[in-house]
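A.B. asks: Sharing a structure below in structure tokens format, with a few things to ask.
The values are calculated or read from the model by the stated rules, or taken from the named source; none is laboratory data. Remember, predicted model here, so these are calculated numbers, not experimental data. Note that each Cβ is placed from the backbone with ideal geometry, even for glycine, and that neighbours are counted across all protein chains shown. Side chains are part of the model used for accessible areas, which takes the heavy atoms of the whole protein and leaves out ligands, DNA and RNA. Shrake-Rupley method; radii C 1.70, N 1.55, O 1.52, S 1.80 Å.
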Amino acid sequence: MEKALAKYFPVFVLPTLAAFALAFVIPFLMGIYLSFTEFTTVTNAKWVGIANYVRAFTANKEFVNALWFTVRFAVVSIITVNVLSFALAMLLTQGLKGTNVFRTVFFMPNLIGGIVLGYIWQIILNGILYYFDVTLAFDPSYGFWGLIILMNWQLIGYMMIIYIAGIQNIPGELTEAARVDGANRRQMLTNVTIPMVMPAITICTFLTMTNSFKIFDQNLVLTAGAPSKKTAMLALDIYNTFYVRTGFEGVGQAKAVIFFILVAGISFIQLYLTRSREVEQ
Amino acid sequence: MESLNVRKKTLWRQLLTLLLCVLALLFLAPIAMILINSFKGSVFITVDPFSLPTGEMFTGMGNYVSGVEKINFWHAFGWSLFITVCSVAVIVLFSAMTGWYITRVKRVFTKVIYYAMVFSMVVPFQMVMFTMSKFANVLHLDNPYGIILIYLGFGSGLSTFMFSGFVKAIPIDIEEAAMIDGCGPIRTFFAIVFPVLRPTAITVAILNTMWIWNDYLLPTLLLDSRHRTIPIAVQYLKGGYGSIDMGAMMAVLIMAIIPIVVFYLSCQKHIIKGVVAGAVKG
């Protein structure tokens, strides 16, 4: 069968492969090359070595600032999203009435696109801040916490579903045995539930981290970097470097490569940590 | 003693349910607030965003009428629908074919394709954004038809990976029997393999639908103003001058959410399962 099928490469693989090469492979390789050159269009590239990488950090403070903002954002999101979604998952695995309805409600914000999400929260947060005579653009910390609230609203339901699956997979005998041995609620939580859902905790931590790093639409809409680019995160900073001012295309591409290495690095650590525990999908 | 304990437990459970009700309302509040304000005049939205649209504030469907007109909503809706449906159909079909082929034909080049596709899943869009859009311009793919091909390229990584994972788990015997009985690879695929892949096809379709329907950056880079999708139209309403028709904005946001909510409520089970299965993407 393998031989007969092998001949059908042009039918089964070629269309996908051509699109994949066009949209990903070639732009990716070109992107790496161009990060070492100076260019305005793709065809007039001039080799400059690592100058773009140096300029990404030294030309102004924007990239370093975006990097630092993104890291802080990721840390706070990971903690808040995971604690809250785990708590919700615990509440929704008690066999209470209406559990399915609650699950539906909590998950819904996850499906709304970043642009619409951003506007919803911009309007609400500015509406609240109006009473204090300020806006989200008043101080970087407003934008920061605004983004945190938005991120929690979007991701809690999603992570909650993963935690619910983890909690439901705990064998009944285990909780029963602990109860017979006289464990109280807190001991059950710290000695049974949390160790048993450790794989889910790993997945959710990394998912929140990569999502926090890659966030763009919400950042663009909610603050667009205001005030004075202090709330621009990595993806938005790269976009601005490419499209808002000319002459910085090479620097933008160098930033993109650094961004790629960061995100891919996080994903590979995750893969390494979960590979031994997870069953292949 | 026993009955007191039971009663205490029931009370505790009622309190928990009450807590969940409060949380659920809190979760819905942002959307409810936009909905309420969508019936208010623009002036009142800024100065009094938390009151109900009563008296002189109430504008009926006025915001909806002006919102639809300002961004040409049905036009944007049409393009969003066209691009999403076509791209998802193309992605599901071709990724399933590729996933089957590279799993069944064990050669070096199929391994290379597989790992290249897995690798593409961890690369953020910003890495290829600039070069890809320039490339698409040169090849005249910067229109609603060409973008389908680009979506196939970006979507094929995760989708092929998921199909391939499923093919590994199904026995090869039936396919082999069919081929021995004179069934060609194409007929074998459509008559035997594809129906078996159905659960994965649904997951892949949902994941890609949510992504493409909500995608903003890629269509912004490739499409001109005649072909706005809904996210672009929403962003366009804001305009470049800072003055923004808040009333129209509220109405447009509600109209942008409605299709998603309808889609979600009509196939909720598949969506939750599908979106979470995509967690492997990381």
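A.B. asks: Name the residues in segment B:163-172 that are over 12 Å from B:Gly99 (Cα atoms) and more than 10 Å from chain A (Cβ to nearest Cβ), would you?
C.D. replies: Passing the criteria: B:Ile170, B:Pro171.
A.B. asks: Tell me which residues, restricted to segment B:166-193, are part of a helix (DSSP H, G or I), free of Cβ contacts under 8 Å to residues at least 12 places away in the same chain and of a type outside the set (D, E, K, R).
C.D. replies: We begin by selecting, within segment B:166-193, every residue part of a helix (DSSP H, G or I); these are B:166-169, B:173-180, B:185-193.
Imposing the further condition that a residue be free of Cβ contacts under 8 Å to residues at least 12 places away in the same chain reduces the set to B:169, B:173, B:176-177, B:179-180, B:185-187, B:190.
Scanning segment B:166-193 gives B:Ala169, B:Ala177, B:Met179, B:Ile180, B:Pro185, B:Ile186, B:Phe190.
A.B. asks: Taking segment B:247-261, which residues are over 13 Å from the mean Cα position of the chain (by Cα) and open to solvent by 20 Å² or more (accessible area, probe 1.4 Å)?
C.D. replies: B:Met255, B:Ile258
A.B. asks: Residues of segment B:128-169 being over 19 Å from the mean Cα position of the chain (by Cα), aliphatic (A, V, I, L, M) and open to solvent by less than 30 Å² (accessible area, probe 1.4 Å), which ones?
C.D. replies: Answer for segment B:128-169, where residues must be over 19 Å from the mean Cα position of the chain (by Cα), aliphatic (A, V, I, L, M) and open to solvent by less than 30 Å² (accessible area, probe 1.4 Å): B:Val128, B:Met129, B:Met132, B:Ala136, B:Leu141, B:Val167.
A.B. asks: For the condition facing another protein chain (nearest Cβ under 9 Å) and either modelled with pLDDT of 95 or more or in contact with a helix residue (DSSP H, G or I) (Cβ under 8 Å, 6 or more places away or on another chain) (or both), what is the one hit in A:Ala45, A:Ala19?
C.D. replies: A:Ala19
A.B. asks: Does A:Thr208 meet the test of being part of a helix (DSSP H, G or I), hydroxyl-bearing (Ser, Thr, Tyr), open to solvent by less than 20 Å² (accessible area, probe 1.4 Å) and on the phi < 0 side of the Ramachandran plot?
C.D. replies: Details: part of a helix (DSSP H, G or I): yes; hydroxyl-bearing (Ser, Thr, Tyr): yes; open to solvent by less than 20 Å² (accessible area, probe 1.4 Å): yes; on the phi < 0 side of the Ramachandran plot: yes.
For A:Thr208, the condition - part of a helix (DSSP H, G or I), hydroxyl-bearing (Ser, Thr, Tyr), open to solvent by less than 20 Å² (accessible area, probe 1.4 Å) and on the phi < 0 side of the Ramachandran plot - is met.
A.B. asks: Quick one: which of B:Val204, B:Val196 is without any contact (Cβ under 8 Å) to a residue 40 or more places away in the chain and away from every other protein chain (no Cβ under 11 Å)?
C.D. replies: B:Val196
A.B. asks: Right, here's the next one. Check A:Ile115, A:Ile78 and return the single one that is touching a residue at least 12 places away in the same chain (Cβ under 8 Å) and open to solvent by 20 Å² or more (accessible area, probe 1.4 Å).
C.D. replies: Numbers: A:Ile115 fails: open to solvent by 20 Å² or more (accessible area, probe 1.4 Å).
Testing whether each residue is touching a residue at least 12 places away in the same chain (Cβ under 8 Å) and open to solvent by 20 Å² or more (accessible area, probe 1.4 Å) leaves just A:Ile78.
A.B. asks: When both residues are 6+ apart or on different chains and their Cβ atoms are under 9 Å apart, which pairs have a first residue that lies in segment B:103-127 and is more than 7 Å from chain A (Cβ to nearest Cβ), and a second that is among the basic types (Lys, Arg)?
C.D. replies: Close Cβ pairs satisfying both conditions: B:Thr103/B:Lys168; B:Thr110/B:Arg104; B:Met121/B:Lys281; B:Phe125/A:Lys214.
Yes or no, residue by residue, for (1) surrounded by 15 or more Cβ atoms within 10 Å (Cβ to Cβ); (2) touching a Lys or Arg at 6+ places or on another chain (Cβ under 7 Å):
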site: A:Lys3; (1), (2): no, no
site: A:Leu34; (1), (2): yes, no
site: A:Ala56; (1), (2): yes, yes
site: A:Lys61; (1), (2): no, no
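A.B. asks: Within segment A:126-152, restricting attention to residues that are buried (at least 22 other Cβ atoms within 10 Å of the Cβ) and under 23 Å from B:Leu23 (Cβ atoms), which residue is farthest from the chain's Cα centre (by Cα)?
C.D. replies: Of everything passing the filter in segment A:126-152, A:Gly146 is farthest from the chain's Cα centre (by Cα).
A.B. asks: Then there's this: Have a look at A:Gln122, A:Gln94 and point out the one that is touching a helix residue (DSSP H, G or I) at 6+ places or on another chain (Cβ under 7 Å), assigned to a loop (DSSP other than H, G, I, E, B) and open to solvent by 30 Å² or more (accessible area, probe 1.4 Å).
C.D. replies: From the options A:Gln122, A:Gln94, the qualifying one is A:Gln94.
A.B. asks: I need the full set of residues from segment A:70-107 which are within 30 Å of A:Ala235 (Cβ to Cβ) and of a type in the set (Gly, Ala, Ser), in order please.
C.D. replies: Matches in segment A:70-107: A:Ala74, A:Ser77, A:Ser85, A:Ala87, A:Ala89.
A.B. asks: Give segment A:203-219 a look and list any residue that's more than 8 Å from chain B (Cβ to nearest Cβ) and not β-branched (Val, Ile, Thr), or say none. If you could, list the steps in order and put the result at the bottom.
C.D. replies: Filtering segment A:203-219 down to residues more than 8 Å from chain B (Cβ to nearest Cβ) leaves A:204-205, A:208-209, A:211-212, A:215, A:218-219.
If the condition is that a residue be more than 8 Å from chain B (Cβ to nearest Cβ) and not β-branched (Val, Ile, Thr), then A:Cys204, A:Met209, A:Asn211, A:Ser212, A:Gln218, A:Asn219 are the ones that fit.
A.B. asks: Return the residues of segment A:154-175 that are assigned to a helix (DSSP H, G or I) and surrounded by fewer than 20 Cβ atoms within 10 Å (Cβ to Cβ); say none if nothing qualifies. Quick ask: steps written out before the conclusion?
C.D. replies: Let us first name the residues in segment A:154-175 that are assigned to a helix (DSSP H, G or I), namely A:154-168, A:172-175.
Correct list: A:Ala165, A:Ile167, A:Gln168, A:Gly172, A:Glu173, A:Leu174, A:Thr175.
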